[in-house]
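*Asks:* Sharing a structure with you now.
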Amino acid sequence: ARHWQVYGIDYASTDLSELRDAREINLTTGVISNVLIGERFPVRDFPPSRVHELGLYWQDEIRPSNGALALIPGLRYERYRVSASSDAIFAEDNPGLATVDLAESQLTPKLGLRYELNAHSQLFAQYALGFRAPPVSDVNIGFTIPAFNYVAIPNPELKPEHSRGVELGLRSSGEFGSFELVGFDNHYRDLIDSRVNLGRDPNSGALVFQSINRARAHIYGVELRGESALPWEGLALSGALSWTRGVDSARGEPLNSVEPARLTLGLSYETVDGRQRLELVATAVSAKRRIDSSTVDPFRTPGYATLDAYWRIQVADRLTVDLGAFNLTDRRYWLWSGVRGLPASAREIDLYTQPGRQFGASVRYAW
């Protein structure tokens with residue numbers, strides 16, 4: 001058999017230092033204040049932290065001579081370490097809150113199969129064990145908005161997340177286009193659910209958010225994406241669809257961390273020399289209906305559709321200009337990830353709407 005082995009190492013060291021500051025000026029009296037909507041600035045929502053991440057991985061693609069089937073085993077070792085230290089600003093804003101350090105490691109295997117149907121199409125499958133250490137922002141957090149009576153509290157007992165998942169798919173590519181269809185089914189132990197709404201504190205009346213572990217969870221779904229050239233030179237169609245369903249298996253409730261279904265369709269034109277590309281992209285997102293409302297009646301985001309336009313110009317070999325016009329129809333909408341957990345009665349819901357019609361530009365020079 002022929003072997004194609006890939007192996008390597010990933011290492012990252014990150015220093016995290018977050019700070020919020022603000023000033024308010026009374027234009028009549030000229031008085032300057034650092035107290036806004038009940039908060040005295042500056043404040044830290046997370047203590048200064050250092051994160052070390054190490055990954056070692058190996059994969060072997062084993063293919064019998066002249067065979068259409070490939071066997072792909074792999075191993076990955078991960079180590080995740082967080083060191084946090086409370087400074088004077090964090091301690092003053094979060095009195096009595098002790099920071100904790102974190103150290104987790106795990107060896108995770110996977111096994112993949114790929115079968116060549118013909119020169120352009122292939123079936124693939126994968127079974128893999130997964131591991132995710134608790135995010136640093138979930139273990140140590142002290143976030144309060146007095147005006148709205150919200151508080152996010154840390155969870156020093158947060159455990160790492162483990163999963164086992166199956167993925168099945170079909171991909172095909174040819175002269176005029178390509179597509180890929182993937183179905184996945186994942187089972188989790190100690191799933192990390194970030195910033196869960198735990199309801200009102202009986203003593204203070206504050207709405208409490210905390211990251212917790214879900215003992216058992218099940219997430220499954222389908223993803224489809226593809227693109228195709230049109231009969232007219234330079235024109236192409238592209239699209240993507242994602243649908244995901246999540247269940248807290250231990251409680252029999254939906255997982256609020258799962259995003260609603262999304263469909264994207266794009267029409268693009270690229271000049272013969274490749275120096276200019278125009279694209280019109282329509283995005284449709286379904287309403288969020290499957291929601292765990294056992295602790296609070298949350299705000300349910302309605303479905304929406306947006307239209308965006310992009311223009312990329314290759315001014316020179318190393319200079320690129322990108323122009324964009326977003327939400328051309330000026331649609332008023334919310335992202336589920338932005339309001340997840342907020343009660344339907346929250347008076348500040350309108351503050352979470354996404355921007356209306358807007359324009360942007362970026363310049364990139366590479367050398």
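*Asks:* Give the residue that is nearest to Gly199 (Cα to Cα), with candidates limited to residues of the stretch 281-309 that are among the polar types (S, T, N, Q) and open to solvent by less than 30 Å² (accessible area, probe 1.4 Å).
*Replies:* Among residues in the stretch 281-309 that are among the polar types (S, T, N, Q) and open to solvent by less than 30 Å² (accessible area, probe 1.4 Å), the one nearest to Gly199 (Cα to Cα) is Thr301.
*Asks:* Restricting to strands (runs of 3 or more DSSP E) lying wholly in the stretch 273-367: which have 1 or more residues that are among the aromatic types (Phe, Trp, Tyr) and closer than 27 Å to Leu230 by Cβ?
*Replies:* 304-314, 319-326
*Asks:* Here's something else I'd like to know. (1) touching an Asp or Glu at 6+ places or on another chain (Cβ under 7 Å); (2) at pLDDT below 95; (3) open to solvent by 30 Å² or more (accessible area, probe 1.4 Å): which one isn't true of Ser362, the others all being true?
*Replies:* The failed condition is (2).
*Asks:* Please name all residue pairs, on different chains or six or more residues apart, with Cβ atoms under 9 Å, provided the first residue is in the stretch 112-134 and is free of Cβ contacts under 8 Å to residues at least 60 places away in the same chain and under 28 Å from Ser211 (Cα atoms) and the second residue is outside any strand (DSSP E or B) and open to solvent by less than 80 Å² (accessible area, probe 1.4 Å).
*Replies:* Short answer, once both residue conditions are applied: Phe131/Pro160; Ala133/Pro160.
*Asks:* Now a separate question. What is the one condition in (1) touching a residue at least 40 places away in the same chain (Cβ under 8 Å); (2) open to solvent by less than 30 Å² (accessible area, probe 1.4 Å); (3) within 24 Å of the chain's Cα centre (by Cα) that Thr320 does not satisfy?
*Replies:* Every condition holds for Thr320 apart from (3).
*Asks:* Out of Glu259, Glu223, which single residue is in contact with a Phe, Trp or Tyr (Cβ under 9 Å, 6 or more places away or on another chain), among the charged types (D, E, K, R), touching a residue at least 24 places away in the same chain (Cβ under 8 Å) and assigned to a strand (DSSP E or B)?
*Replies:* Unique residue meeting the criteria: Glu223.
*Asks:* Just to check your reading of the model, which residue among Leu278, Leu267 is of a type in the set (A, V, I, L, M), out of contact with any Ser or Thr (no Cβ under 7 Å at 6 or more places or on another chain) and either without any contact (Cβ under 8 Å) to a residue 12 or more places away in the chain or open to solvent by 30 Å² or more (accessible area, probe 1.4 Å) (or both)?
*Replies:* Step by step, each of Leu278, Leu267 is checked, and only Leu267 is of a type in the set (A, V, I, L, M), out of contact with any Ser or Thr (no Cβ under 7 Å at 6 or more places or on another chain) and either without any contact (Cβ under 8 Å) to a residue 12 or more places away in the chain or open to solvent by 30 Å² or more (accessible area, probe 1.4 Å) (or both).
*Asks:* Consider the stretch 47-80. How many of its residues are more than 14 Å from Asp10 (Cβ to Cβ) and of a type in the set (Lys, Arg)?
*Replies:* Here the count works out to 2.
The values are calculated or read from the model by the stated rules, or taken from the named source; none is laboratory data. Here the structure is a predicted model, which is why all the values come from computation and not from measurement. Quick reminder, even Gly has a Cβ in these numbers, built from the backbone with ideal geometry, and neighbours come from all protein chains shown. These area figures cover heavy atoms from the full protein model, side chains too; ligands, DNA and RNA do not enter into them. Shrake-Rupley method; radii C 1.70, N 1.55, O 1.52, S 1.80 Å.
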